[in-house]
Amino acid sequence: SENLARVAKAMDRKVSDLNVVLLDRERHYGLMDEIRKAGARISLITDGDVNPIVECCIEGSGVHMYVGKGGAPEGVLGAAAVKCLGGDMQARLVPEDEAQAQRCLKMGITDVNKVLTLDDLVKGDDCMFTATAITNCNMLNGLRYFGDGVRTHTISARYKTGTVRFVDAIHSLDRKVLAVKL
């Protein structure tokens, strides 16, 4: 609820104007209750949690916040996108058992309870984010197969330049790849 109030203030909105996306998982039921009590709207998804993280940074997407507990790889991918798109995020590791806590220690993370900033998650300013949709989502069309090809839709963003590209491409699948034997 505290973060919802901060996001609403930063966006010059009321909490009730915010749409928060979460994966529809039992582990998120407590978060859903808290979000509802704060007055924000909720959109539940079944998969594809990097997409709404990206959408938070695309004006007019209707997604204002993504909240969840889950995979660190998805969090880092999302952080790269957020950094390239000029957004902000916070994260915290939540090891589920001692083995995961030990893995964090081996990676040099001494305080698993530390709130990680965007710069903790993505070091430096030479980062890019690129994603091609497999299935349809709000922002990108999924793969569309036809005869001997496929059409793809990709977003590519670069932090240094602030450039964001949407690429709609057609790939021919009937061209044979030449193999060279050594």
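Coordinate-derived values only; no laboratory data. These numbers come from a predicted model, not from an experiment. Counting neighbours? That spans all protein chains shown, and the Cβs are built from the backbone with ideal geometry, glycine included.
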Checklist entry - In deg cm²/dmol and to the nearest 500, what is the mean residue ellipticity at 222 nm of the chain if only DSSP H runs of at least 4 residues count, each as -39500 (n - 2.57), divided by the residue total? => result -8000 deg cm²/dmol
Next on the checklist: If amide hydrogens are placed 1.01 Å from N in the peptide plane, which non-local residues have theirs closer than 5 Å to the one on Ser61?
Outcome noted: none
Checklist entry - Which length gain, in nm to one decimal place, applies between Met11 and Arg27 when the Cα-Cα distance is subtracted from 0.36 nm times their residue separation? => result 2.9 nm
Checklist outcome for this item: Which of Lys9/Lys160; Lys37/Lys83; Lys69/Lys123; Lys69/Lys114 exceed 25 Å between C-alpha atoms? The answer is Lys9/Lys160; Lys37/Lys83
Next on the checklist: Using a Förster radius of 35 Å, what is the FRET efficiency between Tyr145 and Ile58 based on their Cβ-Cβ separation? Nearest 0.05, please.
Outcome noted: 0.85
Checklist entry - For the chain, what log10 I(q)/I(0) values come out of the Debye formula at q = 0.09, 0.15, 0.16 1/Å, with one point per alpha carbon and no solvent? => result -0.41, -0.99, -1.09
Checklist entry - Pick from Ala157, Ala101, Ala38: which residue has the top mean-square fluctuation in a GNM of the chain where Cα pairs under 10 Å get a spring? => result Ala101
Checklist outcome for this item: Log entry: pair-distance distribution for the range 72-169, C-alpha pairs binned every 10 Å from zero, whole % per bin is 14, 35, 26, 19, 5, 0
Next on the checklist: Just to check I understand the Karplus step: with θ = phi - 60° and J = 6.51 cos²θ - 1.76 cosθ + 1.60, what whole-Hz values come out for the range 23-36, glycine and proline as x?
Outcome noted: 5, 7, 9, 4, 5, 9, 4, x, 4, 4, 4, 5, 5, 4
Next on the checklist: Based only on other Cβ atoms within 10 Å, what is the fewest-to-most ordering of Ser172, Ser156, Ser1?
Outcome noted: Ser172, Ser1, Ser156
Item to check | Segment Thr154-Lys69, extension gain: residue separation times 0.36 nm, minus the distance between their alpha carbons | outcome: 28.0 nm
Checklist entry - Among the DSSP beta bridges whose two residues both lie in the range 16-167, what percent are antiparallel, rounded to the nearest 5? => result 70 percent
Checklist outcome for this item: Dipole check, the chain, charges on Cβ (K,R +1; D,E -1), about Cα centroid: among Val76, Ser172, Ser16 the Cα furthest to the positive pole belongs to Ser172
Checklist entry - Stretch Glu96-Arg165 to full length: gain in nm at 0.36 nm per residue minus the Cα-Cα span? => result 21.1 nm
Checklist outcome for this item: For the range 2-124 the mean separation of alpha carbon contacts under 8 Å (6+ apart) over residue count, i.e. relative contact order in percent, is 20 percent
Next on the checklist: Given an 8 Å cut-off on Cα distances and at least 6 residues of separation, report the relative contact order of the range 59-178 as a percent.
Outcome noted: 22 percent
Checklist outcome for this item: Per principal axis, largest first, the Cα atoms of the range 130-172 extend in Å by 39, 22, 10
Next on the checklist: Could you tell me which residue out of Ala157, Leu121, Ile53 lies farthest along the dipole of the range 33-182 toward its positive end? Charges go on the beta carbon: Lys and Arg +1, Asp and Glu -1, centred on the Cα centre.
Outcome noted: Ala157
Checklist outcome for this item: Per GNM of the chain with C-alpha springs under 10 angstrom, the most fluctuating residue out of Thr117, Thr132, Thr161 is Thr161
Checklist entry - Using the per-residue mean of other Cβ atoms lying within 10 Å as a proxy for protection, in what order, highest first, do the peptides 120-131, 18-29 fall? => result 18-29, 120-131
